[in-house]
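The values are calculated or read from the model by the stated rules, or taken from the named source; none is laboratory data. Note that this is a predicted model, so its numbers are computed, not measured. Note that each Cβ is placed from the backbone with ideal geometry, even for glycine, and that neighbours are counted across all protein chains shown.
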Amino acid sequence: KFRIAIAGGGSTFTPGIVSMLLVNYDRLPISEIKLYDNYEERQSSIGKACKIMLRERHPEVEFSYTTDPEQAFSNVDFVMAHIRVGLYAMREQDEKIPLSHGVVGQETCGPGGIAYGMRSIAGVIEILDYMEEYSPDAWMLNYSNPAAIVAEATRRLRPHSNIINICDMPVSIENTFAGILGLESRKELVVRYFGLNHFGWWTSITDKSGKDLMPQLKEWVSEHGYESNTEDFQHRAPSWKETFRKVKDVYSVVPDMLPNTYLKYYLYPDYVVEHSDKDYTRANEVMNSREKEVFTTAEKIVASDTAEGYEFHSGAHASFIIDLASAIAYNTKERMLLIVPNNGAIINFPANAMVEIPCLVGSDGPEPLVMGEIPTFQKGMMEEQVAVEKLVVDAWVEGSYQKLWQAFTLSATVPSAGVAKEVLDDLIEANKDFWPVL
Ligand code: G6P
(Lines give C-alpha, C1' and ligand atoms only; values in the text may rest on other atoms or scores of the structure.)
Protein backbone atom coordinates (compact mmCIF):
# COMPACT_ATOMS: atom_id res chain seq x y z
CA LYS A 1 0.00 0.00 0.00
CA PHE A 2 1.20 3.51 -0.78
CA ARG A 3 1.71 6.56 1.37
CA ILE A 4 0.88 9.88 -0.18
CA ALA A 5 1.60 13.49 0.69
CA ILE A 6 -0.33 16.25 -1.03
CA ALA A 7 1.60 19.52 -1.17
CA GLY A 8 -0.82 22.40 -1.44
CA GLY A 9 -3.11 20.94 1.19
CA GLY A 10 -5.10 24.16 1.37
CA SER A 11 -5.80 24.21 -2.37
CA THR A 12 -9.36 23.97 -3.62
CA PHE A 13 -8.16 21.08 -5.81
CA THR A 14 -7.12 19.00 -2.79
CA PRO A 15 -10.54 17.57 -1.78
CA GLY A 16 -11.08 16.46 -5.40
CA ILE A 17 -7.71 14.70 -5.42
CA VAL A 18 -8.45 13.03 -2.08
CA SER A 19 -11.86 11.83 -3.22
CA MET A 20 -10.35 10.57 -6.47
CA LEU A 21 -7.71 8.65 -4.49
CA LEU A 22 -10.51 7.01 -2.55
CA VAL A 23 -12.58 6.19 -5.64
CA ASN A 24 -9.50 4.59 -7.19
CA TYR A 25 -8.46 2.76 -4.06
CA ASP A 26 -8.59 -0.62 -5.84
CA ARG A 27 -6.26 0.62 -8.54
CA LEU A 28 -3.85 2.30 -6.15
CA PRO A 29 -4.28 1.03 -2.59
CA ILE A 30 -3.15 3.57 -0.04
CA SER A 31 -2.37 3.33 3.64
CA GLU A 32 -1.89 7.01 4.39
CA ILE A 33 -2.68 10.49 3.07
CA LYS A 34 -1.00 13.57 4.54
CA LEU A 35 -1.74 17.13 3.54
CA TYR A 36 0.98 19.74 3.66
CA ASP A 37 0.67 23.50 3.30
CA ASN A 38 2.36 26.54 4.76
CA TYR A 39 -1.01 28.30 5.00
CA GLU A 40 -2.48 26.81 8.15
CA GLU A 41 -5.95 28.29 8.02
CA ARG A 42 -6.84 27.27 4.48
CA GLN A 43 -5.44 23.81 5.00
CA SER A 44 -7.27 23.18 8.23
CA SER A 45 -10.66 23.95 6.60
CA ILE A 46 -9.91 21.55 3.77
CA GLY A 47 -8.21 19.05 6.10
CA LYS A 48 -11.13 18.84 8.51
CA ALA A 49 -13.57 18.10 5.67
CA CYS A 50 -11.25 15.51 4.10
CA LYS A 51 -10.86 13.82 7.46
CA ILE A 52 -14.61 13.30 7.70
CA MET A 53 -14.76 12.07 4.10
CA LEU A 54 -12.03 9.52 4.80
CA ARG A 55 -13.55 8.36 8.06
CA GLU A 56 -16.78 7.58 6.19
CA ARG A 57 -15.40 6.17 2.97
CA HIS A 58 -12.09 4.49 3.89
CA PRO A 59 -11.54 4.51 7.65
CA GLU A 60 -8.50 2.26 7.31
CA VAL A 61 -6.54 5.01 5.52
CA GLU A 62 -4.56 7.11 7.97
CA PHE A 63 -5.04 10.81 7.49
CA SER A 64 -3.40 13.96 8.81
CA TYR A 65 -2.65 17.53 7.83
CA THR A 66 0.32 19.54 8.91
CA THR A 67 2.48 22.59 8.30
CA ASP A 68 5.57 20.72 9.49
CA PRO A 69 7.63 19.54 6.51
CA GLU A 70 9.32 16.74 8.42
CA GLN A 71 6.02 15.23 9.43
CA ALA A 72 4.54 15.69 5.96
CA PHE A 73 7.37 14.34 3.86
CA SER A 74 8.75 11.52 6.04
CA ASN A 75 7.92 7.98 4.97
CA VAL A 76 5.99 8.76 1.81
CA ASP A 77 6.04 7.13 -1.65
CA PHE A 78 4.45 9.92 -3.67
CA VAL A 79 4.17 13.65 -3.27
CA MET A 80 1.40 15.13 -5.36
CA ALA A 81 2.18 18.81 -5.64
CA HIS A 82 -0.09 21.65 -6.69
CA ILE A 83 1.16 24.72 -4.93
CA ARG A 84 0.22 28.30 -5.81
CA VAL A 85 2.75 30.74 -4.42
CA GLY A 86 0.97 34.04 -3.78
CA LEU A 87 -2.52 32.53 -4.03
CA TYR A 88 -5.26 34.01 -6.22
CA ALA A 89 -4.51 37.53 -5.07
CA MET A 90 -1.23 37.32 -6.98
CA ARG A 91 -2.85 35.56 -9.93
CA GLU A 92 -5.10 38.59 -10.17
CA GLN A 93 -2.00 40.81 -10.38
CA ASP A 94 -0.42 38.52 -12.98
CA GLU A 95 -3.50 38.97 -15.14
CA LYS A 96 -4.34 42.61 -14.50
CA ILE A 97 -0.93 44.27 -14.64
CA PRO A 98 -0.10 43.17 -18.22
CA LEU A 99 -3.66 43.97 -19.32
CA SER A 100 -3.30 47.49 -17.97
CA HIS A 101 -0.49 47.89 -20.54
CA GLY A 102 -2.51 46.32 -23.35
CA VAL A 103 -0.75 42.95 -23.05
CA VAL A 104 -2.25 39.46 -22.57
CA GLY A 105 -3.08 38.85 -18.90
CA GLN A 106 -2.93 35.08 -18.32
CA GLU A 107 -1.70 33.01 -15.39
CA THR A 108 0.73 30.82 -17.35
CA CYS A 109 1.31 32.68 -20.64
CA GLY A 110 3.22 35.88 -21.32
CA PRO A 111 4.29 38.28 -18.55
CA GLY A 112 1.75 36.92 -16.05
CA GLY A 113 3.07 33.39 -16.49
CA ILE A 114 6.64 34.62 -16.14
CA ALA A 115 5.75 36.49 -12.95
CA TYR A 116 4.10 33.37 -11.56
CA GLY A 117 7.15 31.31 -12.59
CA MET A 118 9.46 33.65 -10.70
CA ARG A 119 7.33 33.00 -7.60
CA SER A 120 6.91 29.26 -8.03
CA ILE A 121 10.51 28.16 -8.55
CA ALA A 122 11.56 28.56 -4.90
CA GLY A 123 8.39 26.87 -3.64
CA VAL A 124 8.80 23.75 -5.76
CA ILE A 125 12.53 23.49 -5.08
CA GLU A 126 11.84 23.77 -1.36
CA ILE A 127 9.51 20.76 -1.46
CA LEU A 128 12.00 18.75 -3.53
CA ASP A 129 14.62 19.47 -0.88
CA TYR A 130 12.32 18.34 1.91
CA MET A 131 11.71 15.13 -0.01
CA GLU A 132 15.43 14.62 -0.52
CA GLU A 133 15.88 14.93 3.23
CA TYR A 134 12.90 12.95 4.50
CA SER A 135 11.91 10.49 1.72
CA PRO A 136 14.68 10.37 -0.86
CA ASP A 137 13.08 7.55 -2.86
CA ALA A 138 9.69 9.21 -3.20
CA TRP A 139 8.39 10.56 -6.50
CA MET A 140 7.06 14.06 -6.87
CA LEU A 141 4.18 14.23 -9.32
CA ASN A 142 4.15 17.92 -9.96
CA TYR A 143 1.39 19.90 -11.55
CA SER A 144 2.21 23.22 -9.95
CA ASN A 145 2.07 25.98 -12.51
CA PRO A 146 3.48 27.49 -14.60
CA ALA A 147 4.58 23.96 -15.44
CA ALA A 148 6.94 24.90 -18.28
CA ILE A 149 9.06 27.28 -16.20
CA VAL A 150 8.93 25.05 -13.13
CA ALA A 151 10.06 22.08 -15.25
CA GLU A 152 12.98 24.01 -16.73
CA ALA A 153 13.98 25.21 -13.25
CA THR A 154 13.91 21.74 -11.73
CA ARG A 155 15.79 20.26 -14.70
CA ARG A 156 18.50 22.82 -14.19
CA LEU A 157 18.61 23.16 -10.41
CA ARG A 158 17.71 19.66 -9.18
CA PRO A 159 18.68 17.45 -12.14
CA HIS A 160 18.75 14.21 -10.13
CA SER A 161 15.46 14.56 -8.32
CA ASN A 162 12.56 12.16 -8.84
CA ILE A 163 10.15 14.69 -10.24
CA ILE A 164 7.68 14.24 -13.05
CA ASN A 165 6.04 17.38 -14.39
CA ILE A 166 2.57 16.93 -15.76
CA CYS A 167 -0.32 18.99 -17.04
CA ASP A 168 -3.99 18.22 -17.34
CA MET A 169 -4.67 20.33 -20.42
CA PRO A 170 -3.85 17.64 -23.00
CA VAL A 171 -5.95 15.19 -21.00
CA SER A 172 -8.79 17.64 -20.81
CA ILE A 173 -8.63 18.28 -24.58
CA GLU A 174 -8.46 14.54 -25.26
CA ASN A 175 -11.65 14.19 -23.22
CA THR A 176 -13.12 16.74 -25.60
CA PHE A 177 -11.90 14.72 -28.60
CA ALA A 178 -13.56 11.61 -27.17
CA GLY A 179 -16.78 13.59 -26.72
CA ILE A 180 -16.71 14.90 -30.29
CA LEU A 181 -16.08 11.37 -31.58
CA GLY A 182 -18.81 9.89 -29.41
CA LEU A 183 -16.36 7.62 -27.57
CA GLU A 184 -16.66 6.57 -23.94
CA SER A 185 -13.21 7.67 -22.87
CA ARG A 186 -10.04 9.40 -23.98
CA LYS A 187 -8.30 6.13 -23.15
CA GLU A 188 -9.61 4.74 -26.43
CA LEU A 189 -7.35 7.20 -28.25
CA VAL A 190 -3.72 6.68 -29.24
CA VAL A 191 -2.08 10.04 -29.84
CA ARG A 192 1.09 11.60 -31.11
CA TYR A 193 1.77 15.11 -29.84
CA PHE A 194 4.71 17.47 -29.63
CA GLY A 195 5.36 20.86 -28.11
CA LEU A 196 6.08 22.61 -24.85
CA ASN A 197 3.73 22.82 -21.91
CA HIS A 198 0.60 24.81 -22.85
CA PHE A 199 2.13 25.05 -26.32
CA GLY A 200 1.73 22.01 -28.56
CA TRP A 201 -0.04 20.13 -31.32
CA TRP A 202 -1.56 16.67 -31.89
CA THR A 203 -0.18 15.20 -35.11
CA SER A 204 -2.01 11.89 -35.07
CA ILE A 205 -5.04 10.45 -33.30
CA THR A 206 -6.19 6.91 -33.93
CA ASP A 207 -8.24 4.36 -32.08
CA LYS A 208 -6.63 1.23 -30.67
CA SER A 209 -7.12 -0.63 -33.97
CA GLY A 210 -5.15 2.07 -35.78
CA LYS A 211 -8.16 3.73 -37.44
CA ASP A 212 -7.34 7.35 -38.24
CA LEU A 213 -9.66 9.68 -36.31
CA MET A 214 -8.04 12.93 -37.44
CA PRO A 215 -10.28 13.56 -40.48
CA GLN A 216 -13.45 13.48 -38.37
CA LEU A 217 -11.90 15.67 -35.67
CA LYS A 218 -10.52 18.17 -38.17
CA GLU A 219 -13.88 18.52 -39.85
CA TRP A 220 -15.47 19.30 -36.50
CA VAL A 221 -12.71 21.62 -35.29
CA SER A 222 -12.62 23.66 -38.50
CA GLU A 223 -16.25 24.54 -37.85
CA HIS A 224 -16.66 24.55 -34.07
CA GLY A 225 -13.19 24.69 -32.54
CA TYR A 226 -13.34 22.58 -29.38
CA GLU A 227 -16.92 23.58 -28.61
CA SER A 228 -18.95 20.42 -28.23
CA ASN A 229 -22.21 19.12 -26.89
CA THR A 230 -20.48 17.36 -24.04
CA GLU A 231 -21.38 17.98 -20.43
CA ASP A 232 -17.79 19.00 -19.85
CA PHE A 233 -18.09 21.90 -22.30
CA GLN A 234 -21.48 22.99 -21.00
CA HIS A 235 -20.09 23.20 -17.46
CA ARG A 236 -17.14 25.36 -18.35
CA ALA A 237 -16.91 28.99 -17.23
CA PRO A 238 -17.61 31.65 -19.90
CA SER A 239 -13.93 32.50 -20.38
CA TRP A 240 -13.04 28.84 -20.94
CA LYS A 241 -15.90 28.43 -23.41
CA GLU A 242 -14.50 31.37 -25.35
CA THR A 243 -11.04 29.76 -25.38
CA PHE A 244 -12.45 26.48 -26.68
CA ARG A 245 -14.35 28.28 -29.45
CA LYS A 246 -11.33 30.34 -30.49
CA VAL A 247 -9.54 27.09 -31.32
CA LYS A 248 -11.27 27.30 -34.70
CA ASP A 249 -8.94 30.20 -35.62
CA VAL A 250 -5.91 28.75 -33.84
CA TYR A 251 -6.41 25.58 -35.86
CA SER A 252 -6.64 27.48 -39.14
CA VAL A 253 -3.00 28.60 -38.79
CA VAL A 254 -1.71 24.99 -38.82
CA PRO A 255 -4.61 22.99 -40.25
CA ASP A 256 -2.79 19.67 -40.44
CA MET A 257 -2.54 19.38 -36.66
CA LEU A 258 -4.85 19.94 -33.68
CA PRO A 259 -3.69 22.66 -31.28
CA ASN A 260 -3.47 23.08 -27.53
CA THR A 261 -5.96 25.79 -26.52
CA TYR A 262 -3.21 27.92 -24.98
CA LEU A 263 -1.72 28.70 -28.41
CA LYS A 264 -4.47 31.30 -28.63
CA TYR A 265 -2.43 33.61 -26.39
CA TYR A 266 0.63 33.45 -28.65
CA LEU A 267 -1.10 33.50 -32.03
CA TYR A 268 -3.89 35.99 -31.29
CA PRO A 269 -2.62 38.21 -28.45
CA ASP A 270 -4.29 41.33 -29.89
CA TYR A 271 -7.64 39.56 -30.04
CA VAL A 272 -7.20 38.24 -26.50
CA VAL A 273 -6.50 41.70 -25.12
CA GLU A 274 -9.48 43.19 -26.97
CA HIS A 275 -11.75 40.52 -25.53
CA SER A 276 -10.46 40.70 -21.95
CA ASP A 277 -12.09 42.67 -19.18
CA LYS A 278 -9.15 44.34 -17.48
CA ASP A 279 -11.16 44.81 -14.30
CA TYR A 280 -12.53 41.28 -14.02
CA THR A 281 -10.23 38.44 -15.04
CA ARG A 282 -10.20 34.67 -14.65
CA ALA A 283 -8.73 35.09 -11.13
CA ASN A 284 -11.88 37.01 -10.16
CA GLU A 285 -14.06 34.36 -11.76
CA VAL A 286 -12.28 31.64 -9.76
CA MET A 287 -12.30 33.59 -6.49
CA ASN A 288 -16.04 34.10 -6.87
CA SER A 289 -16.80 30.53 -7.83
CA ARG A 290 -14.47 27.59 -7.11
CA GLU A 291 -12.74 29.22 -4.13
CA LYS A 292 -16.01 30.10 -2.43
CA GLU A 293 -17.81 26.88 -3.34
CA VAL A 294 -15.10 24.52 -2.10
CA PHE A 295 -14.57 26.30 1.20
CA THR A 296 -18.33 26.58 1.76
CA THR A 297 -18.77 22.86 1.08
CA ALA A 298 -15.88 22.08 3.44
CA GLU A 299 -17.53 24.17 6.16
CA LYS A 300 -20.86 22.43 5.66
CA ILE A 301 -19.24 19.01 5.94
CA VAL A 302 -17.55 20.01 9.17
CA ALA A 303 -20.72 21.58 10.59
CA SER A 304 -22.86 18.53 9.83
CA ASP A 305 -20.04 16.09 10.64
CA THR A 306 -20.75 14.08 7.52
CA ALA A 307 -19.60 14.21 3.90
CA GLU A 308 -22.60 12.25 2.72
CA GLY A 309 -24.40 14.06 -0.07
CA TYR A 310 -21.37 16.22 -0.87
CA GLU A 311 -19.09 15.69 -3.83
CA PHE A 312 -15.96 17.61 -4.74
CA HIS A 313 -15.28 18.14 -8.42
CA SER A 314 -12.08 16.30 -9.20
CA GLY A 315 -11.20 17.56 -12.69
CA ALA A 316 -8.83 16.03 -15.18
CA HIS A 317 -5.81 16.48 -12.88
CA ALA A 318 -7.03 13.96 -10.39
CA SER A 319 -7.58 10.99 -12.68
CA PHE A 320 -4.39 11.66 -14.60
CA ILE A 321 -2.30 11.79 -11.48
CA ILE A 322 -3.61 8.44 -10.33
CA ASP A 323 -2.79 6.95 -13.73
CA LEU A 324 0.69 8.32 -13.34
CA ALA A 325 1.21 7.04 -9.80
CA SER A 326 -0.04 3.56 -10.72
CA ALA A 327 2.16 3.49 -13.82
CA ILE A 328 5.18 4.07 -11.57
CA ALA A 329 3.98 1.79 -8.79
CA TYR A 330 3.13 -1.15 -11.05
CA ASN A 331 5.44 -0.53 -14.00
CA THR A 332 2.48 -0.48 -16.38
CA LYS A 333 4.27 1.38 -19.23
CA GLU A 334 1.11 3.39 -19.79
CA ARG A 335 1.46 5.95 -22.56
CA MET A 336 1.04 9.49 -21.23
CA LEU A 337 1.91 13.04 -22.28
CA LEU A 338 4.54 14.41 -19.91
CA ILE A 339 6.96 17.32 -19.71
CA VAL A 340 10.46 15.86 -20.08
CA PRO A 341 13.91 16.85 -21.37
CA ASN A 342 13.84 16.53 -25.16
CA ASN A 343 17.07 14.53 -25.51
CA GLY A 344 16.48 13.88 -29.20
CA ALA A 345 12.80 12.92 -29.08
CA ILE A 346 12.05 15.89 -31.32
CA ILE A 347 14.98 15.41 -33.64
CA ASN A 348 15.43 18.99 -34.85
CA PHE A 349 15.07 20.61 -31.42
CA PRO A 350 17.58 21.23 -28.60
CA ALA A 351 18.29 18.28 -26.31
CA ASN A 352 18.07 20.43 -23.19
CA ALA A 353 14.61 21.88 -23.86
CA MET A 354 11.75 20.68 -21.67
CA VAL A 355 9.14 19.39 -24.13
CA GLU A 356 5.69 17.85 -23.79
CA ILE A 357 5.55 14.53 -25.61
CA PRO A 358 4.15 11.00 -25.20
CA CYS A 359 6.14 8.79 -22.85
CA LEU A 360 5.81 5.23 -21.62
CA VAL A 361 5.74 5.37 -17.84
CA GLY A 362 7.13 2.64 -15.62
CA SER A 363 8.93 2.16 -12.31
CA ASP A 364 11.97 4.03 -13.55
CA GLY A 365 9.90 6.99 -14.65
CA PRO A 366 9.08 8.23 -18.14
CA GLU A 367 10.59 6.80 -21.30
CA PRO A 368 9.99 9.40 -24.04
CA LEU A 369 8.89 8.34 -27.51
CA VAL A 370 10.55 9.78 -30.59
CA MET A 371 8.32 12.34 -32.31
CA GLY A 372 10.70 12.93 -35.24
CA GLU A 373 11.19 16.20 -37.11
CA ILE A 374 8.84 19.11 -36.66
CA PRO A 375 7.93 21.78 -39.25
CA THR A 376 9.57 25.20 -39.46
CA PHE A 377 6.61 27.25 -38.19
CA GLN A 378 6.05 25.27 -35.00
CA LYS A 379 9.80 24.92 -34.46
CA GLY A 380 10.25 28.67 -34.73
CA MET A 381 7.47 29.37 -32.25
CA MET A 382 8.79 26.76 -29.82
CA GLU A 383 12.37 28.00 -30.03
CA GLU A 384 11.27 31.51 -29.14
CA GLN A 385 9.18 30.26 -26.23
CA VAL A 386 11.88 27.90 -24.90
CA ALA A 387 14.28 30.85 -24.91
CA VAL A 388 11.76 32.82 -22.83
CA GLU A 389 11.53 29.99 -20.29
CA LYS A 390 15.30 29.56 -20.09
CA LEU A 391 15.85 33.30 -19.66
CA VAL A 392 13.35 33.34 -16.78
CA VAL A 393 15.30 30.63 -14.96
CA ASP A 394 18.57 32.47 -15.69
CA ALA A 395 17.03 35.65 -14.29
CA TRP A 396 15.85 33.85 -11.16
CA VAL A 397 19.24 32.20 -10.56
CA GLU A 398 21.34 35.27 -11.30
CA GLY A 399 18.94 37.93 -10.01
CA SER A 400 19.23 39.52 -13.43
CA TYR A 401 16.89 42.34 -14.44
CA GLN A 402 18.36 42.33 -17.94
CA LYS A 403 17.58 38.67 -18.57
CA LEU A 404 14.06 39.00 -17.26
CA TRP A 405 13.51 42.01 -19.51
CA GLN A 406 14.81 39.93 -22.43
CA ALA A 407 12.41 37.13 -21.50
CA PHE A 408 9.45 39.55 -21.52
CA THR A 409 10.63 41.09 -24.78
CA LEU A 410 10.96 37.73 -26.51
CA SER A 411 7.49 36.50 -25.53
CA ALA A 412 5.22 36.42 -28.58
CA THR A 413 2.54 37.99 -26.38
CA VAL A 414 4.51 41.23 -25.91
CA PRO A 415 4.70 43.82 -28.72
CA SER A 416 8.01 45.59 -27.94
CA ALA A 417 10.96 45.93 -25.59
CA GLY A 418 9.48 49.21 -24.39
CA VAL A 419 6.17 47.69 -23.38
CA ALA A 420 8.05 44.72 -21.90
CA LYS A 421 9.95 47.08 -19.60
CA GLU A 422 6.83 48.90 -18.42
CA VAL A 423 5.06 45.64 -17.57
CA LEU A 424 8.16 44.22 -15.94
CA ASP A 425 8.66 47.24 -13.71
CA ASP A 426 5.08 47.04 -12.44
CA LEU A 427 5.37 43.30 -11.86
CA ILE A 428 8.62 43.73 -9.92
CA GLU A 429 6.83 46.14 -7.59
CA ALA A 430 3.87 43.77 -7.14
CA ASN A 431 6.13 40.76 -6.52
CA LYS A 432 8.65 42.29 -4.15
CA ASP A 433 7.73 39.84 -1.39
CA PHE A 434 8.27 36.85 -3.69
CA TRP A 435 10.95 37.39 -6.33
CA PRO A 436 14.68 37.42 -5.77
CA VAL A 437 16.00 40.99 -5.86
CA LEU A 438 16.84 41.92 -9.47
C1 G6P B 1 -6.02 24.13 -17.19
C2 G6P B 1 -4.54 24.13 -17.26
C3 G6P B 1 -3.95 24.28 -15.91
C4 G6P B 1 -4.50 25.50 -15.23
C5 G6P B 1 -5.99 25.49 -15.24
C6 G6P B 1 -6.52 26.82 -14.78
O7 G6P B 1 -6.49 23.02 -16.52
O8 G6P B 1 -4.01 22.99 -17.85
O9 G6P B 1 -2.57 24.39 -16.05
O10 G6P B 1 -4.08 25.54 -13.90
O11 G6P B 1 -6.47 25.27 -16.52
O12 G6P B 1 -7.87 26.70 -14.58
P13 G6P B 1 -8.69 27.79 -13.81
O14 G6P B 1 -10.01 27.18 -13.68
O15 G6P B 1 -7.99 28.04 -12.52
O16 G6P B 1 -8.65 29.00 -14.70
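Structural remarks
- Enumeration of residues in segment 141-165 that are in a loop (DSSP other than H, G, I, E, B) and either free of Cβ contacts under 8 Å to residues at least 24 places away in the same chain or within 12 Å of the ligand (Cβ to nearest atom) (or both): Y143, S144, N145, P146, P159, H160
- Helices (runs of 4 or more DSSP H) contained in segment 230-347 and holding at least 2 residues over 28 Å from M140 (Cα atoms) and within 12 Å of the ligand (Cβ to nearest atom): 238-253, 282-288
- Qualifying residue in segment 382-405 (condition: of a type in the set (V, I, T) and closer than 17 Å to P259 by Cα): no
- Residue check for D129: more than 20 Å from V437 (Cα to Cα) and either hydroxyl-bearing (S, T, Y) or not in a loop (DSSP other than H, G, I, E, B) (or both): yes
- So R192, is it more than 24 Å from V370 (Cβ to Cβ), more than 12 Å from the ligand (Cβ to nearest atom), basic (K, R) and in contact (Cβ under 8 Å) with a residue 24 or more places away in the chain: no
- Reported count of residues in segment 197-222, each being in contact with a Pro (Cβ under 9 Å, 6 or more places away or on another chain), surrounded by 20 or more Cβ atoms within 10 Å (Cβ to Cβ) and farther than 22 Å from I346 by Cβ, is 1.
- Here the condition is being touching a residue at least 12 places away in the same chain (Cβ under 8 Å), surrounded by fewer than 18 Cβ atoms within 10 Å (Cβ to Cβ) and outside any loop (DSSP other than H, G, I, E, B); of V370, V419, V392, it holds for V419 alone.
- Among (1) under 18 Å from R335 (Cα atoms); (2) within 14 Å of the ligand (Cβ to nearest atom); (3) touching a strand residue (DSSP E or B) at 6+ places or on another chain (Cβ under 8 Å) - the single one F199 does not satisfy: (1)
- Residues of segment 153-168 classified as crowded, with 22+ Cβ neighbours inside 10 Å and either of a type in the set (K, R) or over 20 Å from V361 (Cα atoms) (or both), total: 1
- Answer from A89, A72, A122 - the residue that is within 30 Å of Y330 (Cβ to Cβ) and either modelled with pLDDT of 95 or more or not polar (S, T, N, Q) (or both): A72
- Among the numbered conditions (1) among the basic types (K, R); (2) touching a residue at least 24 places away in the same chain (Cβ under 8 Å); (3) more than 22 Å from I173 (Cα to Cα), the only one that K292 does not meet is (2).
- Scan segment 395-416 for residues that are without any contact (Cβ under 8 Å) to a residue 24 or more places away in the chain and either under 22 Å from Y271 (Cβ atoms) or surrounded by fewer than 16 Cβ atoms within 10 Å (Cβ to Cβ) (or both) and the total you get is 4.
- Residue among L87, L128 that alone is within 16 Å of the ligand (Cβ to nearest atom) and among the hydrophobic types (A, V, I, L, M, F, W, C): L87
- Any pair with Cβ under 6 angstrom, 6 or more apart, that starts in segment 196-221 at a residue that is among the charged types (D, E, K, R) and ends at one that is in a strand (DSSP E or B) and surrounded by 22 or more Cβ atoms within 10 Å (Cβ to Cβ): none
- Hey, G117 crowded, with 21+ Cβ neighbours inside 10 Å, in contact (Cβ under 8 Å) with a residue 60 or more places away in the chain and not in a helix (DSSP H, G or I) or not: no
- Counting only strands (runs of 3 or more DSSP E) that sit wholly inside segment 1-90, those with at least 1 residues that are crowded, with 23+ Cβ neighbours inside 10 Å and over 23 Å from the mean Cα position of the chain (by Cα) are 62-66.
- Odd one out for D94 among (1) modelled with pLDDT under 95; (2) among the charged types (D, E, K, R); (3) crowded, with 24+ Cβ neighbours inside 10 Å: (1)
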